[in-house]
Each structure stands twice: as C-alpha cells, then as structure tokens.
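The block underneath contains the structure these notes are about, expressed in structure tokens.
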Amino acid sequence: MTNLIASEVHDLLVRLGVPAARFTGGTLAVRSPVTGEEIARVVESAPEDARRTIGAAAEAFTAWRRVPAPRRGELVRLLGEELRASKEALGRLVTLEVGKVVSEGLGEVQEMIDICDFAVGLSRQLYGLTIQSERPDHRLTEQWHPAGVVGVISAFNFPVAVWSWNAALAFVCGDPVVWKPSEKTPLTALAVQALFDRAVARFGDDAPANLGTLLIGGREIGELLVDDARVPVVSATGSTRMGRIVGERVARRFGKSILELGGNNASIVTPSADLELTLRAVAFGAMGTAGQRCTTLRRLIVHEDVYDALVPRLAQVYQRISVGSPIDSDALVGPLIDGASFEAMQASLSDAKAHGGIVHGGERVDVNGDGSFYARPALVEMPGQVGPVREETFAPILYVLKYSALDEAIALQNDVPQGLSSSIFGNDLREIELFLSGAGSDCGIANVNMGPSGAEIGGAFGGEKETGGGRESGSDAWRAYMRRQTNAINYGRTLPLAQGVTFDI
Ligand code: UN1
C-alpha cells in the first residue's frame with residue numbers, strides 16, 4: 001500500500017503535466033491522509049521569488065486588462081476544456097491528497113468546470129448601469145474595469161475548486177491571479193497550474209506571461225500577498241483566526257479582501273418535515289467530506305414533536321455509516337486530514353461531555369494504521385448551545401438541540417459567531433418563509449429541504465459575521481474582482497452644475 005500511493009501520485013502528476021523536479025527533492029513534505037505516508041517533497045517558493053512573481057503578475061495586468069473581456073473568456077473556456085479532459089486524473093489526485101471519497105473528488109473538479117462555463121458567459125455580461133442625469137444633455141453611467149492582481153489563499157478542504165471560483169472570474173474580469181494554496185495540498189495546485197499553463201499555450205500570444213502563478217509555502221509566503229500593495233484584491237478562505245489577520249492587514253493598505261471563513265451551520269427540523277428526506281440530507285450534510293466543509297452541518301435544531309422520531313434513527317445511521325479508505329472501499333466517510341484534526345475533534349467531544357452532552361460515536365477507526373486518522377462521525381445530544389457548539393471544529397461532529405417554538409429555533413440558529421449557511425426542513429409555508437425572511441436566518445446561505453452544504457456555483461457563496469462577509473462564485477460576485485467607475489458626460493454646450501449650484505466667473 002505504502003509505495004503504491006506515492007507512485008500513483010507521481011504518475012498522475014506527470015500525466016497532468018507537472019515536471020517531476022517540482023515535487024521531488026523539495027523541502028515541503030506532503031502526506032496522503034489515506035495512509036499517512038509521505039507522497040512528495042515539493043519545492044517551496046523563496047520569499048524573493050515570491051516578490052518577483054507578484055511583480056510579474058502586476059506586469060501581466062497592464063497587458064491583460066486591454067484584452068477584450070469576451071476574448072479573456074476564451075481562455076477560461078480552454079481551461080474548462082482542459083479540466084474536462086483531466087477530470088478523472090485530477091479528481092483522483094484530490095482523493096489521494098485530501099482523502100475525499102471518489103465521487104467528491106470528481107465533484108470538486110466538476111465544480112471547477114461549472115464555474116469556468118459560468119465565467120465564459122459572464123465575459124460578455126460585465127454590465128454597468130445607465131443612470132438618469134438631473135442635468136440637461138448629460139449622461140450618467142457606470143462601468144466596471146479590471147481591478148488588478150488578485151491574490152488567492154485557499155484551504156486544504158477544497159484544494160482546487162476555491163481557486164477556480166476566484167480565478168475563473170478574475171481572469172474574465174481582466175485580473176492576473178497569484179495563488180497560495182494550503183501547504184497541506186500543493187500537489188493538486190501544481191496539477192491545476194499545469195492545466196492552466198496548457199490552456200494559456202493554446203490560447204495564444206495575447207495572454208501575457210505570468211497571468212496565473214503559484215506560490216508554494218507556508219504562512220510567510222501568504223503574508224507577502226497580504227501585505228503587497230501591488231495586490232489590490234486578496235481572496236482568503238480558511239479559519240476565522242486567519243481571516244481576521246488577513247482582513248486587517250489588507251485593509252491597512254486599503255486593499256480589498258474577499259473573506260470566506262468559518263461556518264457553524266445549522267438546520268432546523270420543523271414538525272411538518274419529511275423525515276426520510278431529512279435523514280438523508282442530514283447524513284450527507286454532517287458526515288460528507290468527513291465533516292471538513294466550511295458548509296458542513298454542525299448543529300441540528302429539532303422540534304420536540306419529531307425529536308424521538310428522528311434522532312434515534314439518526315444515531316443508527318451514525319453507527320452504521322461506512323468509514324474507510326477512499327481508494328479501496330466504497331466508504332462514504334474518508335479520513336480526516338491529519339492527527340491534529342483528530343485531536344481537535346476529540347477535544348471538542350470531551351468538552352461537549354463536560355457541558356452535559358451525550359456523545360454517540362466519535363471514536364478512532366483503524367483503517368490504515370497509525371499514520372492515518374479515520375473517525376466514526378459523532379452525534380452529540382446537547383442540553384443547550386454551550387461550549388464547543390458555538391465553535392467550528394473541522395471534523396464530523398453534529399450537535400443536536402431540541403426546540404419547541406420556531407422563534408426560539410431561529411434565535412438559536414443565529415446565536416453563534418459564524419454566519420455561513422443554514423437550512424430548514426418542513427412543509428409549512430409560513431414557517432419556511434419566516435426562516436427565509438429578514439427576521440429569519442442571518443446567514444449568507446439559507447436552504448429549504450436540504451442541508452447547508454453542496455452549494456451550486458450559480459449563486460453567490462459566502463456568509464456574514466465571523467464568516468467574513470465575502471461572496472465568491474455566482475450571481476454578481478464578479479464585482480469584487482473589478483473596480484467601479486462612474487462617468488458623467490456632458491454633450492451640451494452649457495455647463496449646468498449639479499444640485500443647482502452656480503459659479504459664474
Ligand atoms: C468549503 O467548504 O470551503 O457548498 C466550500 C459546498 C461546496 C463548497 C464548500 N460547493 O459545500
């Protein structure tokens with residue numbers, strides 16, 4: 001087993017076009033969570049090289065912003081083609097580097113393809129407004145111009161899709177991208193970079209050199225992007241702790257940040273819910289990706305009338321859900337990313353017990369020996385929203401709370417520091433609409449009769465409060481990658497001033 005993963009990873013990387021020198025003999029050791037074995041040693045970016053890369057991106061901007069947006073869309077179309085052609089290989093690499101089960105590894109690449117398609121269409125739709133002027137013979141309008149270099153800092157759990165949500169939009173918007181992936185997942189990033197380079201080569205000469213580049217390294221490399229005034233937009237995905245630092249530092253130099261941080265997502269199960277559908281949705285939402293999505297369902301708020309019909313059945317599902325290797329079993333739950341993640345899970349479970357929680361599951365499952373960390377997902381019945389229930393632990397823990405009135409459930413759902421995603425299960429129109437109203441969920445995403453995870457790319461993705469407020473992906477999220485310019489045009493022969501001001505010289 002041990003050498004098999006490493007050699008498959010090497011074969012895949014070479015097949016995807018990554019030179020072997022990039023991932024052998026470097027200083028950054030990469031481990032597969034599937035077995036814990038070391039699978040590569042990636043060459044890291046020196047700070048001086050990183051600064052040069054940022055400078056080169058700024059140089060690329062001066063050319064790329066002049067390429068018409070629909071033509072820029074053609075590059076993203078070619079990137080989508082490369083991703084389609086390499087979906088199996090890249091999806092497999094996601095599975096090997098992150099431990100996602102096969103369908104989720106492939107799903108991640110599909111998400112990349114989808115955002116490319118979206119961005120291609122968008123490249124002809126970067127609309128501004130026409131505004132009625134108060135002055136005669138005047139026209140008032142706004143247009144959107146490219147913003148400049150976009151720095152993308154991404155997390156291990158969606159090692160490639162998050163780049164694509166940002167990059168596909170940034171490229172059509174006229175911006176170069178410098179990407180700093182998680183140091184836990186540089187291999188999938190190298191593969192995507194190779195696919196992007198291929199798309200650029202097919203695209204032709206009007207793509208400047210260094211339009212999309214990669215920085216490999218830890219925190220200090222990310223900080224270079226955060227602090228560099230040549231990077232007007234920084235998009236960062238990860239913990240709230242990280243986002244607070246990034247947001248403050250980018251703001252200090254008046255850059256803009258797009259922050260997609262922690263989630264503590266809840267679902268409310270009302271008395272009118274279809275419990276079969278709810279059971280399946282909760283299982284996927286809470287245990288899919290081994291609880292390592294920022295949209296993972298972490299709190300289940302169940303009405304007292306359906307609690308006994310739902311929660312014991314859910315506990316049974318937790319007991320029998322398959323936990324195992326994503327490469328040689330059909331298990332639905334793969335490994336946690338590393339030992340630190342398993343320890344954080346155990347610490348939260350102990351804390352939950354200390355606060356009166358009843359824990360089902362959560363124990364370590366031996367799948368591939370000591371170096372890998374598989375855990376049975378945990379279902380924790382809690383007496384109240386206390387202790388770890390208010391925090392995001394990036395592991396499969398679902399806290400269950402009971403409620404009796406919907407107002408109370410909505411208040412519980414909102415009473416956490418995070419505000420990413422949420423959902424409600426039910427068929428009572430009044431309850432559903434209240435949940436979706438301004439007095440309902442305070443999250444960036446609010447779903448009905450499905451869990452909080454698994455968003456499509458067509459909608460804006462992101463959340464409020466400690467989730468950071470950024471929006472990525474669909475809807476009008478593209479605006480964050482451009483700068484708005486308001487234009488007032490006088491086509492008359494006189495000079496009427498706004499607000500009736502006179503100034504006769
Ligand atoms: C994340 O967990 O960082 O909505 C992103 C979802 C996915 C994206 C998750 N489309 O679950």
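The values are calculated or read from the model by the stated rules, or taken from the named source; none is laboratory data. All values derive from a computational prediction rather than experimental measurement. When we count neighbours, we look across all protein chains shown, and the Cβ atoms used for this are built from the backbone with ideal geometry, even at glycine.
Assorted remarks:
- Beta carbons closer than 8 Å, at least 6 apart along the sequence or on distinct chains, pair a first residue in the stretch 415-434 that is in a helix (DSSP H, G or I) with a second that is hydrophobic (A, V, I, L, M, F, W, C) and within 16 Å of the ligand (Cβ to nearest atom) for Ile432/Val448.
- Filter result for Arg124 (at pLDDT 95 or above, of a type in the set (D, E, K, R) and in a helix (DSSP H, G or I)): no
A quick yes/no check of all residues on (1) within 16 Å of the ligand (Cβ to nearest atom); (2) β-branched (Val, Ile, Thr); (3) in contact with a strand residue (DSSP E or B) (Cβ under 9 Å, 6 or more places away or on another chain); (4) in contact (Cβ under 8 Å) with a residue 40 or more places away in the chain:
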site: Val233; (1), (2), (3), (4): no, yes, yes, yes
site: Thr240; (1), (2), (3), (4): yes, yes, yes, yes
site: Leu261; (1), (2), (3), (4): yes, no, yes, yes
site: Ala266; (1), (2), (3), (4): yes, no, yes, yes
site: Thr278; (1), (2), (3), (4): no, yes, yes, yes
site: Gly334; (1), (2), (3), (4): yes, no, yes, yes
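- Some residue of the stretch 215-236 being of a type in the set (Lys, Arg), part of a helix (DSSP H, G or I) and either out of contact with any helix residue (DSSP H, G or I) (no Cβ under 7 Å at 6 or more places or on another chain) or at positive phi (or both): yes
- In the set (1) β-branched (Val, Ile, Thr); (2) more than 16 Å from the ligand (Cβ to nearest atom); (3) not in a loop (DSSP other than H, G, I, E, B), the condition left unmet by Val282 is number (2).
- Unmet requirement for Gly438, which otherwise passes all of (1) within 16 Å of the ligand (Cβ to nearest atom); (2) free of Cβ contacts under 8 Å to residues at least 24 places away in the same chain: (1)
- Condition check for Val9: surrounded by fewer than 15 Cβ atoms within 10 Å (Cβ to Cβ) and assigned to a helix (DSSP H, G or I): no
- Filter pass, Ser341 being within 16 Å of the ligand (Cβ to nearest atom), surrounded by 18 or more Cβ atoms within 10 Å (Cβ to Cβ), of a type in the set (S, T, N, Q) and assigned to a helix (DSSP H, G or I): yes
- Which numbered condition Pro176 misses (of (1) over 26 Å from Phe394 (Cβ atoms); (2) in contact with a strand residue (DSSP E or B) (Cβ under 6 Å, 6 or more places away or on another chain)): (2)
- Of all residues making up the stretch 261-290, the number that are of a type in the set (A, V, I, L, M, F, W, C), surrounded by 16 or more Cβ atoms within 10 Å (Cβ to Cβ) and either in contact with a Lys or Arg (Cβ under 9 Å, 6 or more places away or on another chain) or over 17 Å from Val323 (Cα atoms) (or both): 9
- Scanning the stretch 455-489 for residues that are away from the ligand (no atom under 16 Å from the Cβ) and in a loop (DSSP other than H, G, I, E, B) gives a single hit, Asp476.
- Tally of residues being within 16 Å of the ligand (Cβ to nearest atom) and either assigned to a loop (DSSP other than H, G, I, E, B) or exposed (fewer than 15 other Cβ atoms within 10 Å of the Cβ) (or both) across the stretch 127-164: 7
- Hits in the stretch 103-125 - residues which are out of contact with any Pro (no Cβ under 8 Å at 6 or more places or on another chain), under 27 Å from Thr62 (Cα atoms) and buried (at least 21 other Cβ atoms within 10 Å of the Cβ): Met112, Ile115, Cys116, Phe118, Ala119, Val120, Leu122
- Cβ pairs under 7 Å, 6+ apart, first in the stretch 93-109 and free of Cβ contacts under 8 Å to residues at least 40 places away in the same chain, second part of a helix (DSSP H, G or I) and among the charged types (D, E, K, R): Leu106/Lys87
- The lone exception for Val400 - which of (1) over 25 Å from Ala340 (Cα atoms); (2) more than 16 Å from the ligand (Cβ to nearest atom); (3) touching a Leu at 6+ places or on another chain (Cβ under 8 Å); (4) not aromatic (Phe, Trp, Tyr) it fails: (1)
- Of all residues in the stretch 63-77, those satisfying the criterion of being in contact (Cβ under 8 Å) with a residue 12 or more places away in the chain and over 23 Å from the mean Cα position of the chain (by Cα) are Ala63, Trp64, Arg65, Val67, Ala69, Pro70, Arg71, Arg72, Glu74.
- Filter result for Val30 (over 19 Å from Asp206 (Cα atoms), at pLDDT 95 or above and part of a strand (DSSP E or B)): yes
- Any chance Ala347 is surrounded by 17 or more Cβ atoms within 10 Å (Cβ to Cβ), among the aliphatic types (A, V, I, L, M) and touching a Pro at 6+ places or on another chain (Cβ under 9 Å): no
- Looking only at the stretch 242-259, and only at residues there that are buried (at least 22 other Cβ atoms within 10 Å of the Cβ), part of a helix (DSSP H, G or I) and among the hydrophobic types (A, V, I, L, M, F, W, C), the one that is nearest to the ligand (Cβ to nearest atom): Val246
- For the stretch 389-408, a residue qualifies if it is assigned to a helix (DSSP H, G or I) and crowded, with 24+ Cβ neighbours inside 10 Å, and exactly one does: Val389.
- Residue satisfying all of: in the stretch 444-454; over 21 Å from Gly247 (Cβ atoms) and not in a loop (DSSP other than H, G, I, E, B); nearest to the ligand (Cβ to nearest atom) among these: Asn447
- All positions within the stretch 48-104 that are within 21 Å of Val192 (Cβ to Cβ), β-branched (Val, Ile, Thr) and in a helix (DSSP H, G or I): Thr53, Ile54, Val76, Val94, Thr95, Val98, Val102
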